[in-house]
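Here's the structure we're looking at; comments come further down.
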Amino acid sequence: MAVNLGDLSPAELRRHLARGLDLRTGPFRFLIRSHSPEVARGLATLYPDFPLRDGGFRDFHIQVDKVSGPRRWYRPQCNFRLDHHAPFKPLPANHAFPLLEWGMNWCIASHAQHYLMLHAAVLERNGRAVILPGDPGAGKSTLTAALILSGWRLLSDELTLIDRNDGLIVPLARPVSLKNQSIEIIRAAFPEAVIGDIALDTHKGTVAHLKPPRASVRRMDEKARAAHIVFPRWRADAAVKLSRHSKADAFIHAATHGFNYSLLGRLGFELNAALIDTCECWDFEYSRLDEALAAFESLAS
Amino acid sequence: MKPVCDDFLHALREPAVMAGFDAETWDRVVRQARAAGLLGRLGALASGFSEQLPAAVWRHLEAALTLAEQQRRAVHYELRHLGQSLENTEGPVVLLKGAAYAAADLPPAAGRIFTDIDLLVPRAQLGETESALMLDGWITSPHDAYDLRYYREWMHELPPMQHIRRQTWLDVHHNILPETARRKTRPALFLAASIPLPGFPRFSIPEPADQVLHSATHLFHEGEWQHGLRDLVDLDALLRAYGGDAAFWPHLLARAETLNLGRPLYYALRYARRLLRTPMPEYLEASCPERPGRLAAALLDTLFLPAFASAHAECRTPLSGPAALALYVRSHWLRMPAHLLVPHLLRKAFKTDEP
């Protein structure tokens, strides 16, 4: 019988983490080692619906733990490791959970070259996936959070993975990273939302993660076909407006904001071209979440 | 070598065994191969029977192959630019190692990743080459006066250059061993025997025996063993490809004698055979022009064998640390005489990373 992370007691979770918690998210299995209470708490809060595995092939063996030496005691710091290799500088120990999340993103973005990887959120409803490329500050993660709390299925909030064999989008269903004001906006609009610990003063400002809906996690093996690419833009007092975005520009944007478009060479071009061909492309301006949600309903129908 | 690393080496020797690996074995092998920079190599070796591998494993090998293919394209592109930059310089421009394998599509190229382009030019053309490169946007990375002197007076290469826009790294060599090295070779003969490279008008590659000798010399004179196993895999691929011709082996021995590179060749043959079971004639090791004595060979085994396995923490033994240090010191000992070496190592030990 399959075990989910939420089935473990806090003590069992700590024991798993000490020797390696074998967690699956979409196509990837992570073996996570950590002695950090922040990591245990973050996982218990945000990943309860994710299935655990035991043994076999794991894609990434990772570890988040305090650095040794004097900094273990004086202003303690923590480090992320992929299989003994530390790609980042250490962070304050109380940022262990966001460090784990960034580390997991980095593992995928820097190794999963078997996908075309776009820097975009992706959601699905009625079998129609919507890709949200959004530049920083465009309100992409706020919109993503609001949509998944209103019945949309979450595939990913940062990494859109396109399968090289069938052009379909591969879900990860991991927690959504909320930054700065968007944490309070989501809390106010969706009091039932489960949000993890708040980490202050990270390099991205204040950061907290939103638990993905259980239905999204349960369907994380179900790929989706892209129907729309929407470039969101939040502007104070703007009326909600959905207008056509040039396909040529959408192509260039996907190519330049991808993680590995040029690395894939001809395959990257072909996957990107097929994606843009099948999608309708939109600019989307909004100021109020309720109006934005209503407008997205029209895209899903 | 520790038993946990046997499967990885076995896969390099007999790729077909990969079809029978279970998931637990792959869990170790993929990580060891990634640490050694050989994941793409495994992908190339398994590409003929990829459907027999677990899908989750093949994804990683395919990803590494994709990266290697992008580097191959990037090198071809870069060589077109470099060829134009060096159009009006004189003398041969010989590609070494990774760039040569990629440009000439030699056997080690399949799935191989590398970080820079290595060129060899005649010493007399060094100034002209450097000027032509600087005019086209190649700049020497910032070094202090000491580092510059280290490269220009003692080493066999210019300080590494990087292109300001394309970011590619380039090493321009004028010899295959440092100026100050105990061993002296004859770069002019190496250059003279090089073969023009079809499709790349300004470039040549070393003749086959010289490819082996250069790769061996590079490997066994270097102090950094992170890529030791990968370099041995290159040697294995070259020897398997050229060794089918029986005339290759006597020519290789003769060439090693001419270029005074018998000792590195001996090591290359010894460890390629020990670790990768590279096929070679029985008489070969014993006929090397410069064999170490029995005691020296045994001592070097205790240093080299752990070093080849040192890329991944699980393959390290308690001897790996001291062996790596000893090889680092050895590489410097081979590189410069004691009156230069001692001050150099002291300086490196106490130098801070200030700009």
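The values are calculated or read from the model by the stated rules, or taken from the named source; none is laboratory data. What you are looking at is a predicted structure, and each value in this text was computed from that prediction instead of being measured. A quick note on method: Cβ atoms are made from the backbone with ideal geometry, for glycine too, and the neighbour counts reach across all protein chains shown. Surface accessibility is based on the protein's heavy atoms, side chains included, excluding ligands, DNA and RNA. Shrake-Rupley method; radii C 1.70, N 1.55, O 1.52, S 1.80 Å.
Have a look at segment B:43-68 and report residues whose accessible surface goes down by 10 Å² or more when the remaining protein chains are included, against the chain on its own, probe 1.4 Å, ligands and DNA/RNA excluded.
B:ALA56, B:VAL57, B:ARG59, B:HIS60, B:GLU62, B:ALA63, B:THR66, B:LEU67
Could you give the nm distance between label points at A:ASP166 and A:LYS247, where each point is 7 Å from its Cα heading toward the beta carbon?
2.4 nm
Under 19 Å from the 7 Å Cα→Cβ point of A:ARG187, by amide nitrogen: which residues of segment A:137-161?
Once the point is set 7 Å along Cα→Cβ of A:ARG187, A:141-147, A:149 turn out to lie under 19 Å by backbone N, inside segment A:137-161.
Can you work out the Karplus-derived ³J(HN,Hα) for every residue in segment A:138-149? Use 6.51 cos²θ - 1.76 cosθ + 1.60 with θ = phi - 60°, whole Hz, and x for glycine or proline.
Residue by residue, segment A:138-149 yields 7, x, 5, 6, 4, 5, 4, 4, 4, 5, 6, 7 Hz.
Round to a whole angstrom and tell me the spacing of the C-alpha centers of segment B:220-262 and segment A:1-36.
47 Å
Counting alpha carbon pairs within less than 8 Å and at least 6 residues apart, what relative contact order, in whole percent, applies to segment A:3-111?
Values: 184 pairs, mean separation 24.8, N = 109.
Relative contact order, segment A:3-111: 23 percent.
How shielded is A:49-62 by partner chains, expressed as the average number of their Cβ atoms within 10 Å of its Cβ atoms?
3
Please label the shape of segment A:3-111 as rounded, prolate or oblate, based on the square roots a ≥ b ≥ c of the eigenvalues of the alpha-carbon gyration tensor (a/c under 1.5 means rounded; beyond that, a/b larger than b/c means prolate, else oblate). Intermediate results must be reported in sequence, preceding the final value.
Numbers: a/c = 1.92, a/b = 1.32, b/c = 1.46.
Oblate, since a/c reaches 1.5 and b/c is not below a/b.
Any chance you could list the semi-axes, whole Å, largest first, of the equivalent ellipsoid that the Cα gyration tensor gives for segment B:1-149, using √(5λ)? Kindly include the intermediate steps, with their values, before the conclusion.
Numbers: eigenvalues 304, 56, 33 Å².
Over the Cα atoms of segment B:1-149, the ellipsoid semi-axes are 39, 17, 13 Å.
Going by the alpha-carbon gyration tensor, a ≥ b ≥ c the square roots of its eigenvalues, is the protein assembly as shown rounded (a/c under 1.5) or, if a/c is not under 1.5, prolate (a/b greater than b/c) versus oblate? It would help to have the intermediate numbers written out before the result.
Values: a/c = 2.03, a/b = 1.75, b/c = 1.16.
Prolate.
If amide H atoms are built 1.01 Å from N in the plane of the peptide, which residues on other chains or at least 5 residues away come under 5 Å of the amide H of B:VAL93?
Counting only residues 5 or more places away or on other chains, the set is B:SER204.
Using a 10 Å cut-off around each Cβ of peptide A:109-117, what is the average number of partner chain Cβ atoms that fall inside? The partial results should precede the final answer.
Numbers: counts 0, 2, 7, 3, 10, 9, 2, 0, 0.
For peptide A:109-117, the averaged partner shielding equals 4.
If packing is taken as the average count of other Cβ atoms within 10 Å, what order do A:273-283, A:222-232, B:12-22 fall into, highest mean first?
Averaged packing, sorted descending, gives the order A:222-232, A:273-283, B:12-22.
Would you mind computing Rg(Cα) / (2.2 N^0.38 Å) for segment B:150-233, counting N as its residues?
Working: Rg = 14.3 Å, N = 84, 2.2 N^0.38 = 11.8 Å.
Compactness ratio reported: 1.20.
Short version: ³J(HN,Hα) in whole Hz for each residue of segment B:66-75, in order, from phi by Karplus 6.51 cos²θ - 1.76 cosθ + 1.60 (θ = phi - 60°), x for Gly and Pro, what are they?
Each residue of segment B:66-75 in turn: 4, 5, 5, 5, 5, 5, 4, 4, 5, 5 Hz.
Can you tell me the Rg and the Dmax, both Å, for the Cα atoms in chain B?
20.4, 58
Translational diffusion coefficient of segment A:80-151 at 20 °C, 1.002 mPa s, Stokes-Einstein with Kirkwood Rh over Cα pairs, in µm²/s as a whole number.
Once the numbers are plugged in, D ends up at 146 µm²/s.
Could you work out the Rg to Rh ratio of segment A:115-300, with Rh taken as the Kirkwood radius (inverse of the mean 1/r over all Cα pairs)?
Working: Rg = 15.7 Å, Rh = 16.6 Å.
Rg/Rh: 0.95.
Just list whichever of A:LYS204/A:LYS247; A:LYS89/A:LYS204; A:LYS66/A:LYS179 have alpha carbons separated by over 21 Å in the model shown. Mind showing how you got there, number by number?
On the way: A:LYS204/A:LYS247 31 Å; A:LYS89/A:LYS204 15 Å; A:LYS66/A:LYS179 24 Å.
Pairs exceeding the cut-off: A:LYS204/A:LYS247; A:LYS66/A:LYS179.
Once R0 is set to 35 Å, what does the formula 1/(1 + (r/R0)^6) return for the Cβ-Cβ distance between B:HIS81 and B:ALA124, expressed as a FRET efficiency to the nearest 0.05? List each step's numbers first, then the result.
Numbers: r = 24 Å, r/R0 = 0.69.
My answer for the efficiency is 0.90.
Rounded if a/c is under 1.5, else prolate if a/b beats b/c, else oblate: with a ≥ b ≥ c from the C-alpha gyration tensor eigenvalues square-rooted, which is segment B:191-277?
Details: a/c = 1.55, a/b = 1.32, b/c = 1.17.
Verdict is prolate for segment B:191-277.
Could you check how much of the accessible area of chain B is carbon and sulfur, as a whole percent, using a 1.4 Å probe?
Working: 8800 of 15330 Å².
Reported share for carbon and sulfur atoms: 57 percent.
If amide H atoms are built 1.01 Å from N in the plane of the peptide, which residues on other chains or at least 5 residues away come under 5 Å of the amide H of A:LEU178?
A:ALA208, A:HIS209, A:LEU210
What is the spin-label model distance, in nm, from B:SER131 to A:HIS203 if the labels are put 7 Å beyond Cα along the C-beta direction?
Here the modelled spin labels are 4.3 nm apart.
Given just the C-alpha atoms of segment B:39-82, how large is their convex hull per residue in cubic angstrom? If you can, show how the numbers build up before the last one.
Numbers: hull volume 2.6 nm³, N = 44.
Residue-normalised Cα hull volume stands at 58 Å³.
What are the residues of segment B:69-83 that lose 30 Å² or more of accessible area, with a 1.4 Å probe, going from their chain alone to all protein chains?
Flagged in segment B:69-83: B:GLN70, B:ARG73.
Could you tell me the relative contact order of chain A? Use alpha-carbon pairs under 8 Å, at least six residues apart, and round to a whole percent. Please report the intermediate quantities before stating the final value.
Working: 617 pairs, mean separation 50.7, N = 301.
Relative contact order here is 17 percent.
Among the Cys residues of chain B, which have no other cysteine Cβ under 4.7 angstrom away?
So, B:CYS288.
In Å², and per residue, what accessible area does the protein assembly as shown have when probed at 1.4 Å with the other protein chains present? Intermediate values should be presented prior to the final figure.
On the way: 28400 Å² over 656 residues.
For the protein assembly as shown, the solvent-accessible area averages 43 Å² per residue.
Could you give the distance between the Cα centres of segment B:1-65 and segment B:147-203, to the whole Å?
Segment B:1-65 and segment B:147-203 have Cα centres separated by 34 Å.
Across peptide A:87-96, how many C-beta atoms of other chains are within 10 Å of each residue C-beta, on average? Mind showing how you got there, number by number?
Values: counts 0, 0, 0, 0, 0, 0, 0, 0, 0, 0.
That works out to 0 on average.
Take each of the peptides A:100-107, A:19-26, average the number of other beta-carbon atoms within 10 Å over its residues, and list them starting from the highest.
Values: A:100-107: 20.5, A:19-26: 18.9.
Ranking, from highest mean packing down: A:100-107, A:19-26.
Which order do the peptides B:269-278, A:153-162 take when ranked by the mean count of other beta-carbon atoms within 10 Å per residue, highest first?
Numbers: B:269-278: 19.8, A:153-162: 26.6.
Put in order of decreasing packing, that is A:153-162, B:269-278.
Accessible area lost on pairing B with A, both sides, 1.4 Å probe, Å² to nearest 100?
Numbers: alone 16200 and 13920 Å², together 28400 Å².
Counting both chains, the buried surface is close to 1700 Å².
Checking the cross-link filter: which aspartates and glutamates have an alpha carbon closer than 16 Å to that of A:LYS223, excluding same-chain neighbours under 8 positions apart?
Answer for A:LYS223, where 16 Å is the Cα cut-off: A:GLU124, A:ASP157, A:ASP163, A:ASP166, listed by chain and number.
Can you send over the carbon and sulfur percentage of the accessible area for segment A:3-111, probe radius 1.4 Å, protein chains only? Provide the component values of the computation, followed by the final result.
On the way: 2490 of 4740 Å².
On segment A:3-111, the fraction of accessible area on carbon and sulfur atoms equals 53 percent.
Taking θ as phi - 60°, what are the ³J(HN,Hα) couplings along segment A:118-128 by the Karplus curve (6.51, -1.76, 1.60), each to the nearest whole Hz, with x for Gly and Pro?
Running phi through 6.51 cos²θ - 1.76 cosθ + 1.60 with θ = phi - 60° gives 9, 8, 7, 7, 8, 10, 9, 8, 6, x, 10 Hz.
Under the rule of at least 5 residues apart or a separate chain, name every residue whose amide H is placed under 5 Å from the amide H of A:GLU280.
Answer set, sorted by chain and number: A:HIS228, A:ILE229.
Over the C-alpha atoms of segment B:118-258, what are the Rg and the largest Cα-to-Cα span, Dmax, in Å?
Taking only Cα atoms of segment B:118-258, I get Rg and Dmax of 16.4, 50 Å.
Give the distance, in whole Å, between the Cα centre of segment A:136-181 and the Cα centre of segment A:253-272.
Between the Cα centres of segment A:136-181 and segment A:253-272 lies a distance of 19 Å.
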